[in-house]
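To start, the structure under review is shown below, and the notes come after it.
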Amino acid sequence: MAMIDVQDLTYTYPATDSPALKNVSLKVEEGEFVAIIGANGAGKSTLCYTIAGFIPHFFAGTLNGKVEVAGIESQHSTLQELVLNVGLVFQNPFNQISGAKFTVYEEIAFGLENLGIPREEMIKRVDKVMALTGITDLAKRSPYALSGGQQQRVALASILVMEPKILVLDEPTSQLDPIGTREVFQVIKEMSNRGMTVVMAEHKVEWIAEFTDKVIALSRGEVLLQGPPAEVLTSPLLPQHGIGISRYTAVARRAREENLWPAALPLPVTLDDAVAGFVGGLENAH
Amino acid sequence: MRIEIQDLHFSYPGGVEALKGVSLVVNTGEKVAIVGQNGAGKTTLVKHLNGLLLPTKGTVRIGDWDTKDYPVARLSSRVGYVFQNPDEQLFNKTVYQEVAFGPRNLGYPAEKVAELVKNAMALTELTGKENVNPYDLMPTWRKMVAMASILAMDTPIVVLDEPTTGQDAASIERIAHCVQVLHQQGKTVITITHDVDFCAENFERIIVMGGGRILLDGPAIEVLAQEEILATTYVEPPQLTRLGNRLDFPHPVRNEEEFLDMYRQLHRQRDRA
């Protein structure tokens, strides 16, 4: 069964003329890790909000088509019902942090308190998720006295602790250094391996290529491409639609035009694939 | 305008020592990028340049001014600071008012303000959006409003805090263009960033920070090739530099042209052999 089933979705924000999403159809299977890419304004965040039920339950506007999440048709349910199934990590961690709590530890427990989880269970889950996201040593700090990167980890932890079936993340690593980015991708991949369904809006294509199962490219609110990362991320359509590509892909494409890239190999997205291709290109030189 | 920092130490209230003795000179017109892991002290360091933070120990001089002796309002005529998150910076009702706020407060006459605003808006490609409320713009364009509002102050030093975070390809190109133009105008541009590819392609000098200290400082190409030292502060060399290193290039490369030149050379050598 598809965990996320979107059919012919068109959505227009209140007080705007043109739709932010147009005729979007997509399916995400249970345990899949899917990336959404696109230029700024392509509809990535809007799609995240829609899958998480914030559209139409928090943002009004006009929604046509079907959005079914964990078997629940989101238009015909409540945000409260959806929250038990879907967790959304906002792009700006500032929007996530409740403001109601004085320490990181309490902040992460906040969601569980609202669900009425027993104290013992709560402590166990909070400890586990803080270790997983690498913030155990921040437990007693104020959520507001942290760096952007640390806040992003707290925001992620505060959602993971709820153990949602579906995790939706809007550029969760934008303020992290490369090692922090790798750690977050690894945690999310681990969750996906354990059966959590993950949808992530992201610009960093090399990471997407390394970790995700499928990529959906949006342009001006419409689905431009969807498919395996290696295919979508090397498509010549991406630059035409303002979507950044890996520098490995770009340089290999130029090398290919000069017959310096092995004809049989697809264009690379990751460092390892680029090394393999360029080493091959030298071996073929005669 | 020269920046001179001597043995700068800074501790936040509560005792975290974020800077542990930083000494640094930046000369007029330099393009400098500061990189390093989250918590390395990058933001703490640059917040000393316009007096948002004052040294616990040591001195920071902007030209002939010691930042201890001048309020932020005065220092802002010498150092413009573009925040990482534009929403921490924007508060006016229209883009025009937002961009005009800085130069007005610096006391420029009306005609000069109008000229500065016009130039800053053209450079950030905001022309035509004068009467829009900044919060009706997408985050990418809010970032450009934040940039424009600082550029309009025409300060000799411009600090960009994580300019490319969350920006798409077109926006990153726009920001790189601004850096280029500021440089041509003879201004000093300092950025802090995790985006080493952006650094390698647009900045000449790179400072690597870790644990509140400067670990490396030098020409971009030399600094970014030091994979081992960079790893200690969680920085990876730019993608094409790493690719070149893996292919045993005789010297580091930092952009497509340099990479392809070197690769063509190796290819020709193989051909002959």
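So which pairs qualify, if the first residue must be in the range A:274-286 and farther than 12 Å from B:Arg264 by Cβ and more than 7 Å from chain B (Cβ to nearest Cβ), the second must be at pLDDT 95 or above and part of a helix (DSSP H, G or I), the Cβ gap must be under 7 Å, and the two must be at least 6 apart or on different chains?
Note: pairs meeting the criteria are A:Gly277/A:Ala252.
Which of the residues spanning the range B:136-191 are assigned to a loop (DSSP other than H, G, I, E, B) and small (Gly, Ala, Ser)?
Keep residues of the range B:136-191 that are assigned to a loop (DSSP other than H, G, I, E, B), which gives B:137-138, B:152-156, B:162-168, B:185-187.
Result: B:Ala152, B:Gly166, B:Gly186.
Only one of B:Arg205, B:Arg213, B:Arg242, B:Arg268 is surrounded by fewer than 23 Cβ atoms within 10 Å (Cβ to Cβ), within 11 Å of chain A (Cβ to nearest Cβ) and either within 24 Å of the chain's Cα centre (by Cα) or in contact (Cβ under 8 Å) with a residue 60 or more places away in the chain (or both); which? Break it down stepwise before answering.
Working: B:Arg205 fails: within 11 Å of chain A (Cβ to nearest Cβ); B:Arg213 fails: within 11 Å of chain A (Cβ to nearest Cβ); B:Arg268 fails: either within 24 Å of the chain's Cα centre (by Cα) or in contact (Cβ under 8 Å) with a residue 60 or more places away in the chain (or both).
Step by step, each of B:Arg205, B:Arg213, B:Arg242, B:Arg268 is checked, and only B:Arg242 is surrounded by fewer than 23 Cβ atoms within 10 Å (Cβ to Cβ), within 11 Å of chain A (Cβ to nearest Cβ) and either within 24 Å of the chain's Cα centre (by Cα) or in contact (Cβ under 8 Å) with a residue 60 or more places away in the chain (or both).
If you take the residues of the range A:132-171 that are more than 26 Å from A:Ile55 (Cβ to Cβ) and of a type in the set (A, V, I, L, M, F, W, C), which of them is nearest to the other protein chains (Cβ to nearest Cβ)?
So, considering only residues that are more than 26 Å from A:Ile55 (Cβ to Cβ) and of a type in the set (A, V, I, L, M, F, W, C), the one nearest to the other protein chains (Cβ to nearest Cβ) is A:Ala145.
Please find, within the range B:101-139, the residue that is farthest from the other protein chains (Cβ to nearest Cβ) out of those that are in contact with a helix residue (DSSP H, G or I) (Cβ under 7 Å, 6 or more places away or on another chain) and among the small types (Gly, Ala, Ser).
Checked the range B:101-139; the qualifying residue farthest from the other protein chains (Cβ to nearest Cβ) is B:Gly102.
Can you spot a residue in the range A:24-38 that is over 28 Å from A:Ala139 (Cα atoms), assigned to a strand (DSSP E or B) and of a type in the set (D, E, K, R)? Don't jump to the end; show me each part of the working.
First, pick out the residues of the range A:24-38 that are over 28 Å from A:Ala139 (Cα atoms): A:24-38.
Checking the rest, the ones that are also assigned to a strand (DSSP E or B) come to A:24-29, A:33-37.
This time we only want the ones that are of a type in the set (D, E, K, R), so: A:27, A:29.
Yes, there is a match, as at least one residue in the range A:24-38 is over 28 Å from A:Ala139 (Cα atoms), assigned to a strand (DSSP E or B) and of a type in the set (D, E, K, R).
Output the residues belonging to the range B:36-57 that are under 26 Å from A:Pro178 (Cα atoms) and in contact with a helix residue (DSSP H, G or I) (Cβ under 6 Å, 6 or more places away or on another chain).
Initial filter on the range B:36-57 (under 26 Å from A:Pro178 (Cα atoms)): B:36-48.
Matches in the range B:36-57: B:Gly36, B:Asn38.
Report yes if A:Ser174 is more than 10 Å from chain B (Cβ to nearest Cβ), of a type in the set (S, T, N, Q) and touching a residue at least 40 places away in the same chain (Cβ under 8 Å), otherwise no. Before you say what the answer is, go through the steps one by one.
Numbers: more than 10 Å from chain B (Cβ to nearest Cβ): no; of a type in the set (S, T, N, Q): yes; touching a residue at least 40 places away in the same chain (Cβ under 8 Å): yes.
No, not satisfied.
Could you run through the range B:50-97 and say how many residues are more than 14 Å from chain A (Cβ to nearest Cβ), assigned to a loop (DSSP other than H, G, I, E, B), under 17 Å from the mean Cα position of the chain (by Cα) and farther than 18 Å from B:Leu19 by Cβ?
Final tally of qualifying residues: 2.
May I ask you to verify whether B:Ile157 is touching a residue at least 12 places away in the same chain (Cβ under 8 Å) and more than 14 Å from chain A (Cβ to nearest Cβ)?
Yes: the conditions hold for B:Ile157.
Go through the range B:245-265 residue by residue and tally those that are farther than 15 Å from B:Leu224 by Cβ, more than 9 Å from chain A (Cβ to nearest Cβ) and either outside any loop (DSSP other than H, G, I, E, B) or within 29 Å of the chain's Cα centre (by Cα) (or both).
Here the count works out to 4.
The values are calculated or read from the model by the stated rules, or taken from the named source; none is laboratory data. As the structure is a computational prediction, the values presented were derived from the model and not from experiment. Every residue, glycine as well, gets a Cβ built from its backbone with ideal geometry; the counts of neighbours run over all protein chains shown.
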